[in-house]
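Working notes, structure below.
FYI, it's all coordinate maths here, none of it is from the lab. These figures come from a predicted structure and were not determined experimentally. Note that we place each Cβ from the backbone using ideal geometry, even for glycine, and neighbour counts take in every protein chain shown.
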Amino acid sequence: MDRRDFLKKTLTGGMAAGATLVFPEIGRVWAASQGGDSAAWDLVAVRGREPDQMFDSGIASMGGIQTFVPRGSKVLVKPNIGWDVPPERAGNTHPALVKRIVEHCLSAGAKDVTVFDHTCDNWTRTYRNSGIEKAVKDAGGRIISGDSKGYYQKVDVPMGKRLTEARVHQALLEADVFINVPVLKHHSSSMVTIGMKNLMGVVWDRWYWHRNDLHQCIADFASFRAPDLTVVDAYNVMTRNGPRGVSVNDVVSMKAQVISTDFVAADAAAAKLFGTEPAEVRHIQIASDMNLGRMNLGDLSINRIRL
Amino acid sequence: MRIRHLRPFRISIALVFFLLTLFLFLDFRDSVSRAIAGEVLFLQFVPSLLKFLDTAAIGAGGFILVLVITLLFGRVYCSFVCPLGIFQDLISRLARKRISGPGKKKNRYRFSYSRPHYFLWYAVLILTVLLYLAGSGLMLNLLDPFSSFGRMVSTLFRPLVLGANNLGASVLEQLGIHFLYRVQWPVFVPVSTGIALVTLMVVGWLSIRHGRLYCNTLCPVGALLGLFSKISMFRIRIAPDACGSCRQCQRACKAGCIDLKRETVDVSRCVACFNCLAACPGQGLAIRNHWRRKVSHNPPAPGRRGFLLGLAAAGMGLGSSRVNAGPVKPVDSTDPFGPGIQTRPTTIPETRTGPISPPGSVSVARFSSLCTACHLCVSVCPSRILVPAFLDYGPSGMLQPKMDFRSGHCNYDCTNCLEICPTGAIQPLSRKEKQQAQVGVARFIKENCVVYTDNTNCGACSEHCPTKAVAMVHYLTLPDRDLLIPEVKPDICVGCGGCEYACPTKPYKAIYVDGNPVHKIAEKPVEKAVEQRIDTSGEFPF
């Protein structure tokens, strides 16, 4: 990227951000008129506003959601809905972000937008108390159960070292577009949980992963199907006692978001936000070694947006 | 109201009670069952009695109301409220239609007078009371009509409903409709299913062949209410002058208690269904106030006596412990987690010293003395962790639910079972109290742990822990990884089983919950201020 390119991108990004700030609804329209060339950012990081506003700005600078969601496509949005905790505990993806992403997808002409997670706590309570069930329904999306083995189909993980097959939810297998929406938080097993770890929620048997070198399995499964877009929610961040958290005292307000088509890069940037070197998170390192994405942020064109 | 209209009146009330009660056990989507359970089950005799014995609260006085109604009108409970009684009426009616077929109006009524089986009936009642006084509620639990009905529905009919739902869900999913969702099966407990099947067969066969014979020979509630109705105020009697001896009433009497030869009605066996009143073509049957004649008698006295008897029963029942806490069999390795290939099976069995009773039950002994094993809590537990026990509570506590973490863990914020228990065996603690009710404590077997055996990170146990009583602490530093291993802080552990459920080792878990015979109050987790190593300045660290 030369200097001119850089200036151009920064300017358009800045304008997009500014525009969304002043006219929250205009982002979509504006982004739609941009065409494909502004999607060349490898990663967009946003700070400073509400989750939905940050997404409006961030996705606009990537060319708008229609860059990733063709008209008539089936979209799967996979947030983290693992725990029966309210939004302020930051145990799950922020409902406002999920809602906005579903709205964007539908306004871009998606045929349907499906949301689910294979939860850890009881799924009906988790869907309800996370606020995500209501958010998805209000936005016009569809939230479905992940709580029955019948929904999961056996697939091969060809590049897997320890995880060579898995039962994957059919909603992922049927989706044309896969948008991964993890929440950034501390994790007792994997240090942090971000995008790749969030994919544990599309498989049935998590126990196998824990039993057979968790970090390797996380990286192995990352090779199965990379998300078309990863949006990391770092609005409220659980800094300890993760992934469930004990109280709101575990949470700090970071007001950040990372968007990328490369989920290894997104994980690396989010790890940095968490105060951890990407290489210290073993599954990020392994995924990078497996060439599933780039964890060296110095190699990426990054748009940094402050709202 | 004319007396022949009492029958349709009874049928409509009975249907309302029956359908609502049935719904409580089948409401697998947890819609409104918990909100209405208290009202629907208020009159259930044995649960209400046990609750009253435990708490002496007016709110638990449903059985007193039943006794009063019985003293006034006879065994109204048996035909209007008792789900097992109404269930028998339904079976009997369906079978009659099937046997007689349409158009054969002659066979509409097919009962006749039968000899009473007082000896057996009162022997059952006396034995049930004596056994309870001696400290064993087994007979009460097996014969309580509400609990028998609950077990049949929850172990036999509920799976059918779930199966139909799952079938419907998968068909609708093909059409892109997600209104229904598939649900998981309850844990299969052979002894529970077996007893429910036997109950269904005995009750079903007796009701098809002999109407309400079960209620009048084996049901202790029927026997007790029968004693009360013997002195009830309003009773059905035959009016000899007006009776044309057409026998329609006798044929309609499913209790077989109308004896036209002697022109008597055995009120202790009469279940107040009022079929006879509707069947009589003339004025051969009447309802008469029997108290008007014998004013000198003191009718409520037996009530008070029965009441005191109950109180004494409670005292002795509570005082005696009948928990036989033996070691529990190791978890079956054919678990629901799928075909995980495991290179090294774990070798050290968990040592469980006793069963885990649900939060709010205060102690295993208290729980076991009050629970009638109706399995309503089993039905409403969203995590499917309440499972009928076999001998975990001792032979007396057969079928009473215990916490079993094979297919889930107790959701930290969930209070479903506490809200719904009709006997008060599970007390309705507030959410905060429940979150500190320590039903057991996690125990860690390091030698079974993945971190120890494989030197790979796991931490699934700590992940699920709602209080971080299971914390990950430094274990080992290898060239490419830092290993953390679980450490249990028993003081803040509530025994929810999240760690046990999540632990991936087989066949023995590396971490499991051992029950507290007497529940304790867990300490609250200490909350320190967050150390600020995260940049909240708004800058980008990359």
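Couple of notes before you dig in:
- Checked against a 29 Å cut-off, the cross-linked pairs B:Lys254/B:Lys402; B:Lys446/B:Lys468; A:Lys134/B:Lys528; A:Lys134/B:Lys524; A:Lys111/A:Lys185 give Cα-Cα distances beyond that limit for B:Lys254/B:Lys402; A:Lys134/B:Lys528; A:Lys134/B:Lys524; A:Lys111/A:Lys185.
- A simple rule links phi to the HN-Hα coupling: the Karplus curve 6.51 cos²θ - 1.76 cosθ + 1.60 with θ = phi - 60°, which for segment B:56-68 gives 6, 8, 4, x, 9, x, x, 5, 5, 4, 4, 5, 4 Hz, with x for Gly and Pro.
- Segment B:457-522: chymotrypsin sites (Phe, Trp or Tyr not before Pro) in DSSP loop, at most 12 other beta carbons within 10 Å: none
- Three-way shape label, chain A, alpha-carbon gyration tensor, a/c 1.5: rounded
- Close amide H contacts of A:Leu229 (hydrogens built in the peptide plane, cut-off under 5 Å, sequence separation of 5 or more or a different chain): A:Phe178, A:Asn180.
- For peptides B:424-432, A:231-239, sequence by mean Cβ density within 10 Å, most packed first: A:231-239, B:424-432
- Length gained when the stretch B:Ser170-B:Glu447 is fully extended (0.36 nm per residue, less Cα-Cα span): 95.4 nm
- For segment A:54-145, GluC sites (Glu not before Pro) are listed when DSSP marks them as loop and at most 10 other Cβ atoms sit within 10 Å of their Cβ; the list is empty.
- Percentage of interatomic Cα-Cα distances in the protein assembly as shown larger than 53 Å: 28 percent
- Residues whose placed amide H lies under 5 Å from that of B:Leu285, excluding near-sequence neighbours: B:Ala239
- Computed over segment B:1-130, relative contact order equals 22 percent, with contacts defined as Cα pairs under 8 Å that lie 6+ residues apart.
- Charges were assigned to the Cβ only: +1 to each Lys and Arg, -1 to each Asp and Glu. The resulting dipole of the protein assembly as shown about its Cα centre is roughly 5660 debye.
- Sorted fewest first by neighbouring Cβ atoms within 10 angstrom, B:Val494, A:Val246, B:Val16 come out as B:Val16, A:Val246, B:Val494.
- Nearest-ten-degree value, helix B:220-229 long axis tilted from longest Cα axis of chain B: 40 degrees
- With neighbours defined as other Cβ atoms within 10 Å of a residue's Cβ, the residues B:Ser207, A:Ser247, B:Ser369, B:Ser31 order from fewest to most as B:Ser31, A:Ser247, B:Ser207, B:Ser369.
- Karplus-derived HN-Hα couplings along segment A:279-296 (A = 6.51, B = -1.76, C = 1.60, θ = phi - 60°), whole Hz, x at Gly and Pro: 5, 6, 8, 4, 5, 5, 4, 5, 4, 5, 4, 7, 6, 8, x, 10, 9, 7
- Contour minus Cα-Cα distance for B:Ala286 and B:Val526 (0.36 nm per residue): 79.2 nm
- Ranking of B:Cys215, B:Cys243, B:Cys374 by neighbouring Cβ atoms within 10 Å, starting from the fewest: B:Cys243, B:Cys215, B:Cys374.
- Cα-based shape type of segment A:185-274, given that a ≥ b ≥ c are square roots of the gyration tensor eigenvalues and the cut on a/c is 1.5: oblate
- For segment A:55-178: rounded, prolate or oblate by the Cα gyration tensor [a/c cutoff 1.5]: oblate
- In chain A, the calculated helix contribution to ellipticity at 222 nm averages -10000 deg cm²/dmol per residue, counting -39,500 (n - 2.57) for every DSSP H run with n ≥ 4.
- Most positive-pole-ward Cα, B:Leu131, B:Gly176, B:Met472, against dipole of the protein assembly as shown from beta carbon charges: B:Leu131
- Residues whose amide H lies under 5 Å from that of B:Phe42, counting only those 5 or more places away or on a different chain, are absent; hydrogens are built 1.01 Å from N in the peptide plane.
- Restraint check, A:Lys74/A:Lys154; A:Lys197/B:Lys509; A:Lys272/B:Lys489, Cα-Cα greater than 26 Å: A:Lys272/B:Lys489
- Along chain B, counting only GluC sites (Glu not before Pro) with a DSSP assignment other than H, G, I, E or B and at most 16 other Cβ atoms inside a 10 Å radius, the longest segment between sites is B:1-262.
- Each of B:Ile348 and B:Phe119 was given a label point 7 Å from its Cα along the Cα-to-Cβ line. The distance between the two points is 6.1 nm.
- Only DSSP H runs of four or more residues enter the estimate; each adds -39500 (n - 2.57), and after division by the residues of chain B the mean residue ellipticity at 222 nm equals -11500 deg cm²/dmol.
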